[in-house]
1. Using only Cα atoms, find the angle between the long axis of helix 145-167 and the longest principal axis of the chain, and express it within 0 to 90 degrees, rounded to the nearest 10.
2. Using only Cα atoms and rounding to the nearest 10 degrees, what angle (0 to 90) does helix 43-56 make with the longest principal axis of the chain?
3. Starting with the highest mean, order 143-151, 158-166 by the number of other Cβ atoms within 10 Å, averaged over the residues of each peptide.
4. Nearest 10 degrees, 0 to 90: what angle lies between the long axis of helix 100-117 and the longest principal axis of the chain (Cα atoms)?
5. For region 79-176, just say rounded, prolate or oblate: build the C-alpha gyration tensor, square-root its eigenvalues into a ≥ b ≥ c, call rounded for a/c under 1.5, and beyond that prolate if a/b exceeds b/c, oblate if not.
6. In percent, how large is the relative contact order of the chain, given Cα pairs closer than 8 Å and 6 or more residues apart?
7. Could you please state, rounded to a whole Å, how far the C-alpha centre of region 92-129 is from the C-alpha centre of region 1-30?
8. Lysine pairs in the chain 8 or more apart or on different chains: how many have alpha carbons under 16 angstrom apart?
Amino acid sequence: MNMDIATVNALTYEDFVNLLGNVVEKCPIIAAAVWSVRPFLTLTALEAAICEFIDALPESGKEGLLRCHPDLAGRDLQSGTLTRESREEQAGAGMDALNSADASRMARLNEEYKERFGFPFVICARMNDKANILRQLSERCRNERAVERARGIEEVKKICRLRLEALVLTDAANKL
């Protein structure tokens, strides 16, 4: 879509939430909250407002935000119920084309991770490939809960940045 920041600032509340409501997976409340701090001077300022909202959440809120994310290569991918963004991101990383051994390993590690932490494994699929995702999932299962919660939130922010860039012109392009 790639609209400039002035167009984003001019959006009605409903249009803003409809357009940006999934830059953080299944969390339109974040777009609803940051709408009120318009106008944004740049894409970076919009991203910063979203990140500030996330950072201000209590730990339970951050875990809730992580729980909004689907398992990688999980039931939602298989059943076709992922959001459009998640489907494209997972497909780009090869999560929709795992062989049976990798699919089985992914399912086992996803369950182990959720049992240990109480929220799903989150990684920016667009910045990783299948092999790295499996390696990270295996390694991150050994982290402490607080470390993993913080790591998951950092991955959410990476996902958000890439989703915003797909919708809003980057700061350099806005100055043209």
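1. Orientation of helix 145-167: about 50 degrees from the principal axis.
2. 60 degrees
3. Details: 143-151: 14.3, 158-166: 17.9.
Those peptides, ordered most packed to least, come out 158-166, 143-151.
4. Taking Cα atoms only, the helix is inclined about 70 degrees.
5. Because a/c hits 1.5 or more and a/b fails to exceed b/c, region 79-176 counts as oblate.
6. On the way: 179 pairs, mean separation 56.5, N = 176.
Relative contact order comes out at 32 percent.
7. After rounding, the separation between the Cα centres reads 29 Å.
8. Numbers: LYS26/LYS62; LYS26/LYS157; LYS26/LYS158; LYS62/LYS114; LYS62/LYS157; LYS62/LYS158.
Value for the chain: 6.
The values are calculated or read from the model by the stated rules, or taken from the named source; none is laboratory data. What you see is a predicted model, and the numbers here were worked out from it, not measured in a lab. Heads up, the Cβs are rebuilt from the backbone with ideal geometry, glycines too, and the neighbour counts pull from every protein chain shown. SASA here: full protein model, heavy atoms, side chains in, ligands and nucleic acids out. Shrake-Rupley method; radii C 1.70, N 1.55, O 1.52, S 1.80 Å.
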